[in-house]
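The values are calculated or read from the model by the stated rules, or taken from the named source; none is laboratory data. Quantities reported herein were computed from a predicted structural model and do not represent experimental measurements. No Cβ is skipped: glycine too gets one built from the backbone with ideal geometry, and neighbour counts run over all protein chains shown. Remember, those area values only see protein heavy atoms, side chains included, never the ligands or the DNA or RNA. Shrake-Rupley method; radii C 1.70, N 1.55, O 1.52, S 1.80 Å.
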Amino acid sequence: MYTKIDRERCIACGICQLKAPELFDYDSEGVAFGKRDDNKGTAAIPPADRIQFRSAYTSCPTGAILRSKKPFSS
Ligand code: F3S
């Protein structure tokens, strides 16, 4: 599974970083991005982080966390 943030949809609520700090961080304006691959969505989510990912994914209020079985192409 791969993930990236749709930064246009992110309202900088910060939940994803709290739920999955290994996967997500946020910039100086609070807009989230994928930490592992600079939000490209090309680094597979490690098995150890999948539960955290699911928690973040289901908690984002705007659906800004994207997921895919294949790497995202930028
Ligand atoms: Fe933004 Fe959703 Fe995270 S609104 S800060 S991507 S939980």
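Plainly put, the chain has a radius of gyration that is 0.91 times its Kirkwood radius, both from alpha-carbon atoms, as the Rg/Rh ratio. What the stretch 2-68 shows is 57 Å² of accessible area per residue, with the surface traced by a 1.4 Å probe over protein heavy atoms. To put it simply, the accessible area of the chain at a 1.4 Å probe is 49 percent carbon and sulfur.
With the cut-off at under 18 Å, measuring from each backbone N in the stretch 3-20 to a point 7 Å along the Cα-to-Cβ line of Ser55 picks out 13-20. If only the Cβ of Lys and Arg carry +1 and only the Cβ of Asp and Glu carry -1, the dipole of the stretch 2-68 around its Cα centre is close to 280 debye.
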